Amino acid sequence: MKNKVKLNTDNYFISERLREIDISYFVLYNLITKKYEVHSSQQIDNSYCFTVPYKVLDARTIDYALKTRIENKDKLIAEIDRQNMLLEKEIVKNEIDTLKEVLL
């Protein structure tokens, strides 16, 4: 894993807390992207699980790991679908408002 540094511990013990969720989890810091990544030693061929969406490792990383686990995929897909529906309604409303302004 060139250009990546494995973190065995950190200020908030996030690496250790991630291993409580899944013993195979480990954290790498990508020196190129300057982002943290969570990997799993149990995944064959590619250990990558996700890139931490925050600049620092903190409790949000634990929440994100729990939320994105495969066991929660149905709930996560439903949440994405709900969000997409709300965005679509907002886009249609904005288009209708724009048309009203143009026509009046």
task = Could you please tell me which pairs satisfy a Cβ distance under 9 Å, a separation of 6+ or placement on different chains, a first residue in region 76-104 that is without any contact (Cβ under 8 Å) to a residue 40 or more places away in the chain, and a second residue that is surrounded by 10 or more Cβ atoms within 10 Å (Cβ to Cβ) and β-branched (V, I, T)?
result = L76/T68
note = Taking region 23-46 and the residues there that are under 14 Å from I62 (Cα atoms) and in contact (Cβ under 8 Å) with a residue 24 or more places away in the chain, the one that is most open to solvent (accessible area, probe 1.4 Å) would be Y36
task = Can you give me the number of residues within region 9-22 that are open to solvent by less than 100 Å² (accessible area, probe 1.4 Å) and not charged (D, E, K, R)?
result = 5
request  = Out of T61, T98, report the one residue that is under 30 Å from T9 (Cβ atoms) and not basic (K, R).
outcome  = T61
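Tell me whether region 28-51 contains one or more residues that are touching a Cys at 6+ places or on another chain (Cβ under 9 Å) and acidic (D, E). Walk me through it before giving the result.
Taking region 28-51 and keeping what is touching a Cys at 6+ places or on another chain (Cβ under 9 Å), we get 37-40, 43.
Filter again for acidic (D, E), leaving 37.
Scanning region 28-51 turns up at least one residue that is touching a Cys at 6+ places or on another chain (Cβ under 9 Å) and acidic (D, E).
The values are calculated or read from the model by the stated rules, or taken from the named source; none is laboratory data. Remember, it's a predicted structure, so these values are computed and weren't measured experimentally. We place every Cβ from the backbone using ideal geometry, glycine too, and count neighbours over all the protein chains shown. SASA here: full protein model, heavy atoms, side chains in, ligands and nucleic acids out. Shrake-Rupley method; radii C 1.70, N 1.55, O 1.52, S 1.80 Å.
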